[in-house]
């Protein structure tokens, strides 16, 4: 099991219900073959630069332990989700 950090940004106009559904979906993918350590919702923040004519986004940071194939599945699902503007998955040093 490796330690990972996932940061993703959702469009700021997405409803709270939809944000919760997305968080539960990504959390479920992780928990299928790993363990979530911490979820930190930063809320709406200004983006460093404009992305697709958007200036704000809802930031979520997740720390988790999982097998090596989980980040690939997470990446695939994050790319498919229309509400997600950007995402980044990093493997942390042990």
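The values are calculated or read from the model by the stated rules, or taken from the named source; none is laboratory data. Just so it is clear, the model here is predicted, and its values are computed rather than measured. Positions of Cβ are backbone-derived with ideal geometry, glycine not excepted, and every protein chain shown enters the neighbour counts.
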Sole residue being touching a helix residue (DSSP H, G or I) at 6+ places or on another chain (Cβ under 9 Å) and surrounded by 11 or more Cβ atoms within 10 Å (Cβ to Cβ), chosen from 73, 5: 73
Residue tally, condition within 13 Å of residue 30 (Cβ to Cβ), in a strand (DSSP E or B) and within 12 Å of the chain's Cα centre (by Cα), over region 62-87: 3
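Pull up region 28-44, narrow it to residues that are within 12 Å of residue 60 (Cα to Cα) and within 13 Å of the chain's Cα centre (by Cα), then point me to the one that is surrounded by the most Cβ atoms within 10 Å (Cβ to Cβ). Break it down into steps so the answer makes sense when it comes.
Within region 28-44, the subset within 12 Å of residue 60 (Cα to Cα) is 38-44.
After this cut, where a residue has to be within 13 Å of the chain's Cα centre (by Cα) as well, the list is 38-43.
Working: 38: 9, 39: 15, 40: 10, 41: 11, 42: 12, 43: 9.
Going through the qualifying residues, I end up with 39.
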Region 51-89, residues that are touching a residue at least 60 places away in the same chain (Cβ under 8 Å) and under 14 Å from residue 37 (Cβ atoms): 63, 64, 65, 66, 70
Residue tally, condition touching a residue at least 40 places away in the same chain (Cβ under 8 Å), under 12 Å from residue 65 (Cα atoms) and out of contact with any helix residue (DSSP H, G or I) (no Cβ under 9 Å at 6 or more places or on another chain), over region 17-30: 0
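Do we have any residue at all in region 16-27 that's closer than 18 Å to residue 90 by Cβ and either at pLDDT 95 or above or surrounded by 13 or more Cβ atoms within 10 Å (Cβ to Cβ) (or both)?
Yes, some residue in region 16-27 is closer than 18 Å to residue 90 by Cβ and either at pLDDT 95 or above or surrounded by 13 or more Cβ atoms within 10 Å (Cβ to Cβ) (or both).
From the list 9, 14, pick out the single residue that is over 14 Å from residue 71 (Cβ atoms), touching a residue at least 40 places away in the same chain (Cβ under 8 Å) and in a loop (DSSP other than H, G, I, E, B).
Of 9, 14, the one residue that is over 14 Å from residue 71 (Cβ atoms), touching a residue at least 40 places away in the same chain (Cβ under 8 Å) and in a loop (DSSP other than H, G, I, E, B) is 14.
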Residue in region 31-48 that is in a helix (DSSP H, G or I), touching a helix residue (DSSP H, G or I) at 6+ places or on another chain (Cβ under 9 Å) and without any contact (Cβ under 8 Å) to a residue 40 or more places away in the chain present: yes
